1. For region 50-70, give me each residue that is within 13 Å of VAL23 (Cα to Cα) and either among the polar types (S, T, N, Q) or under 10 Å from the mean Cα position of the chain (by Cα) (or both).
2. Scan region 86-97 and give yes if some residue there is buried (at least 17 other Cβ atoms within 10 Å of the Cβ) and either within 16 Å of the ligand (Cβ to nearest atom) or not in a helix (DSSP H, G or I) (or both), otherwise no.
3. (1) more than 20 Å from VAL44 (Cα to Cα); (2) in a loop (DSSP other than H, G, I, E, B); (3) in contact with a strand residue (DSSP E or B) (Cβ under 6 Å, 6 or more places away or on another chain): which one isn't true of ARG167, the others all being true?
4. Could you give every pair whose Cβ atoms fall below 6 Å, whose first residue belongs to region 176-195 and is within 12 Å of ALA46 (Cα to Cα) and of a type outside the set (A, V, I, L, M, F, W, C), and whose second residue is within 14 Å of the ligand (Cβ to nearest atom) and assigned to a loop (DSSP other than H, G, I, E, B), counting only separations of at least 6 or pairs across chains?
5. Taking strands (runs of 3 or more DSSP E) that do not extend beyond region 170-249, which have at least 1 residues that are of a type outside the set (D, E, K, R), in contact with a helix residue (DSSP H, G or I) (Cβ under 8 Å, 6 or more places away or on another chain) and within 16 Å of the ligand (Cβ to nearest atom)?
6. Identify, from the list VAL130, VAL107, the residue that is more than 16 Å from the ligand (Cβ to nearest atom), free of Cβ contacts under 8 Å to residues at least 12 places away in the same chain and not small (Gly, Ala, Ser).
7. Within 16 Å of the ligand (Cβ to nearest atom) and at pLDDT below 95: is that true of TRP139 in this structure?
Amino acid sequence: MLKLPQSSTDRKHFMIVGALVVVTTIILGFFLLAILPIKAQASVQAEPIRWLFQLHLWLIAFLFSLVVVFMLYSLFVFRRRKDDTSEGEHFEGNTALEIVWTVVPLVLVIIFSFIGLQTLQQATSGGDDVQVEAVGFQWSWTFDYPDGVSSAEMVLPVDKPALISLRSNDVIHSFWVAEWGPKQDLVPGMTTTLHITPSKVGEFSLACAELCGLSHWSMLAKIRVVPEDEYTAWMDEKLVAQNLQTASR
Ligand SMILES: [Cu+2]
């Protein structure tokens, strides 16, 4: 049977260790959040990812504290005293304890897999008010809009769900704007998609996140998220410029 702390000294030790675990978890949790900054969230899809990431950090902080605090406490408080030559107490297996430490992690893993699936669903869905095709190639990007506009930078209106279709001309690349959260591969021979609803106006950097050759590091493109009227103006300007180009040929 699971042996619970019986004497008042045992209970005192457990209460001290319990309090230390809580304190260590809080300090470590905030420390991890501080040293592992998640870039400013700039899309609707980035929110669930950040939430899950933070949940994981807190769980990691707790599990680490649980193991390390118990271990260090035992090492210091129950260390061998001077002139103590006695043997340590002998323990047999503890079935109840083994069941507990098998079932608890199992339940946690199942809960986290459900939360993970839900987050994945939220981070990969959205509308298609704006559609863009992003083409990746060694080692740059072009962006094509439905009405024939082609651009070296991607411009999107803020707060409008965008469907980004991804194609590669050569090898596997990966579309990643850190502030937007999700990442999606570009696979030669097929079209993959990414739903992004930009929630912040600003300039961002698109990076290829799949090692794709010698100049992979330089496979960047500028992303601009602008108010809707500015987007419409940019689109009109592009249309005029490209029509004029065609007319003057
Ligand atoms: Cu690439």
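The values are calculated or read from the model by the stated rules, or taken from the named source; none is laboratory data. Keep in mind that this is a model prediction, so the values were computed, not measured. FYI the Cβ positions are ideal-geometry reconstructions off the backbone, even for glycines, and counts take in every protein chain you see.
1. If the condition is that a residue be within 13 Å of VAL23 (Cα to Cα) and either among the polar types (S, T, N, Q) or under 10 Å from the mean Cα position of the chain (by Cα) (or both), then SER65 is the only one that fits.
2. Within region 86-97 (the criterion being buried (at least 17 other Cβ atoms within 10 Å of the Cβ) and either within 16 Å of the ligand (Cβ to nearest atom) or not in a helix (DSSP H, G or I) (or both)), the answer is no, since none of the residues qualifies.
3. (2)
4. Pairs found: LYS183/ALA209.
5. In region 170-249, the matching strands (runs of 3 or more DSSP E) lie at 202-208.
6. Result of the check over VAL130, VAL107: VAL107.
7. Criteria met by TRP139.
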